[in-house]
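Written below as structure tokens is the structure these notes are about.
The values are calculated or read from the model by the stated rules, or taken from the named source; none is laboratory data. No experiment lies behind these values; they were computed from the predicted model shown. Positions of Cβ are generated from backbone atoms using ideal geometry, with glycine treated the same way; all protein chains shown enter the neighbour counts. Calculation scope for accessible area: heavy atoms of the full protein, side chains included, ligands and nucleic acids excluded. Shrake-Rupley method; radii C 1.70, N 1.55, O 1.52, S 1.80 Å.
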Amino acid sequence: MPNEHILHLQDVYKGYDGKVILRDIDLAISEGEFCSVVGPSGCGKSTLLRLILGQELPDSGSIHLEGKLIGTPDPRRGVVYQKYSLFPHMTVLQNVMLGPSYLGLDGKTSASKKEIEEKAMYYLKRVRLEHAAHKYPHELSGGMQQRAAIAQTLIVHPKILLMDEPFGALDPDTREQLQVFLLELWESMGLTILFITHSLEEACFVGSRLLALSQYYDSGDDKYLHGATIVEDHPLMRVAHSTEIKQNPQFQELIASVKSRAFDPSLRQHIHDFNLKHIDSFRTN
Ligand SMILES: Nc1ncnc2c1ncn2[C@@H]1O[C@H](COP(=O)(O)OP(=O)(O)OP(=O)(O)O)[C@@H](O)[C@H]1O
Ligand SMILES: [Mg+2]
């Protein structure tokens, strides 16, 4: 079995009620990669995340995490959603302490409350929220809540951090700040991230690798029934720390190109024309 990649999906198909949603998903992700996944609304991005999380099973194909077939959700995959990742009746600190209280700390099953609290404060510092440790989620801004949710996930050392539209409910300025924040955190902590968004600009800005999932392509089958697959998989040229790059013509060209190739129902590129230039891109058929 392949185990050189942290995450390896092969020939994955998933449908609901007889309708194919995801078709022939092939994806290999190495440690330290920051993959952003973009695609038209309803194409199956969250479904893909649920499969990787182990919340649902593929109809066929395999998903391996660190060489092992994935089972039900466990702390090897941390997840941050758009909202509601925090328990409203607990303080920020209590929320961050929750995972280790059940799962142990740094591999130890019997950590004391004091040790867990110290570690939780360490992660709150990493996300610049130590001053809000004793506040409740509703006392925090949306951006602060998302940073707390990230700390809550990181404290259990997930092998891969899964994020589903994590900044989707934020105002544009906060969203941009959080994009830069996440890039810095990824770099300083050596995280592996799969980041789902339906914003093309966000997908092209965050991350080291861009993946587009789309149902708009020509498979030779009935074009409306075939399901979404990966139509773009390529490195992003640089890791941006400044949002100035968003004004750059090349950045705008990238957005326009992905937009037409993955989001335009009338432009149906053939399977053989997909832009799969990442070193780990592959298609099995
Ligand atoms: N449990 C389910 N039962 C039946 N159909 C489902 C289920 N979950 C998702 N679907 C359908 O599968 C398709 C993909 O849904 P999914 O939520 O994965 O899309 P998405 O790309 O995340 O969309 P969005 O951009 O709106 O978040 C949709 O047509 C949705 O209606
Ligand atoms: Mg979704």
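Can you tell me which condition residue 268 does not meet? The list is (1) without any contact (Cβ under 8 Å) to a residue 60 or more places away in the chain; (2) surrounded by 17 or more Cβ atoms within 10 Å (Cβ to Cβ); (3) part of a loop (DSSP other than H, G, I, E, B), and all the others hold.
(2)
Can you name the number of the only condition in (1) open to solvent by 30 Å² or more (accessible area, probe 1.4 Å); (2) at pLDDT 95 or above that residue 188 fails?
Among (1) open to solvent by 30 Å² or more (accessible area, probe 1.4 Å); (2) at pLDDT 95 or above, residue 188 violates only (2).
Of the conditions (1) surrounded by 19 or more Cβ atoms within 10 Å (Cβ to Cβ); (2) over 23 Å from residue 66 (Cβ atoms); (3) within 16 Å of ligand 1 (Cβ to nearest atom), residue 169 fails just one. Which one is it?
Status for residue 169: all satisfied but (1).
Mind checking which residues of segment 191-206 are in a loop (DSSP other than H, G, I, E, B), out of contact with any Ser or Thr (no Cβ under 7 Å at 6 or more places or on another chain) and within 13 Å of ligand 1 (Cβ to nearest atom)?
Answer for segment 191-206, where residues must be in a loop (DSSP other than H, G, I, E, B), out of contact with any Ser or Thr (no Cβ under 7 Å at 6 or more places or on another chain) and within 13 Å of ligand 1 (Cβ to nearest atom): just 199.
Filter segment 22-37 for residues that are open to solvent by 30 Å² or more (accessible area, probe 1.4 Å) and farther than 18 Å from residue 234 by Cβ; which is farthest from ligand 2 (Cβ to nearest atom)?
The residue in question is 31.
Consider residue 226 carefully, then state whether it is under 24 Å from residue 49 (Cα atoms) and either outside any loop (DSSP other than H, G, I, E, B) or in contact with a Lys or Arg (Cβ under 9 Å, 6 or more places away or on another chain) (or both).
Details: under 24 Å from residue 49 (Cα atoms): yes; either outside any loop (DSSP other than H, G, I, E, B) or in contact with a Lys or Arg (Cβ under 9 Å, 6 or more places away or on another chain) (or both): yes.
In short, yes.
Of the residues 279, 245, only one is assigned to a loop (DSSP other than H, G, I, E, B) and either of a type in the set (Gly, Ala, Ser) or farther than 18 Å from residue 40 by Cα (or both); which? Break it down into steps so the answer makes sense when it comes.
Numbers: 245 fails: assigned to a loop (DSSP other than H, G, I, E, B).
After applying the criteria, what remains is 279.
What residue, among those in segment 110-129 that are loosely packed, with under 15 Cβ neighbours inside 10 Å and out of contact with any strand residue (DSSP E or B) (no Cβ under 7 Å at 6 or more places or on another chain), is farthest from residue 99 (Cα to Cα)?
Looking at residues that are loosely packed, with under 15 Cβ neighbours inside 10 Å and out of contact with any strand residue (DSSP E or B) (no Cβ under 7 Å at 6 or more places or on another chain), I get 128.
How many residues, within segment 6-30, are closer than 19 Å to residue 67 by Cβ, out of contact with any Lys or Arg (no Cβ under 8 Å at 6 or more places or on another chain) and acidic (Asp, Glu)?
So the answer is 1.
Which count do you get for residues in segment 38-92 that are among the small types (Gly, Ala, Ser) and more than 16 Å from ligand 2 (Cβ to nearest atom)?
Residues meeting the conditions: 7.
Could you identify the single residue in 44, 78, 99 that is among the small types (Gly, Ala, Ser) and within 16 Å of ligand 1 (Cβ to nearest atom)?
On the way: 78 fails: within 16 Å of ligand 1 (Cβ to nearest atom); 99 fails: within 16 Å of ligand 1 (Cβ to nearest atom).
It is 44.
Can you confirm whether segment 186-207 contains a residue that is closer than 21 Å to residue 147 by Cβ, in contact with a Cys (Cβ under 8 Å, 6 or more places away or on another chain) and among the small types (Gly, Ala, Ser)?
Yes: one or more hits.
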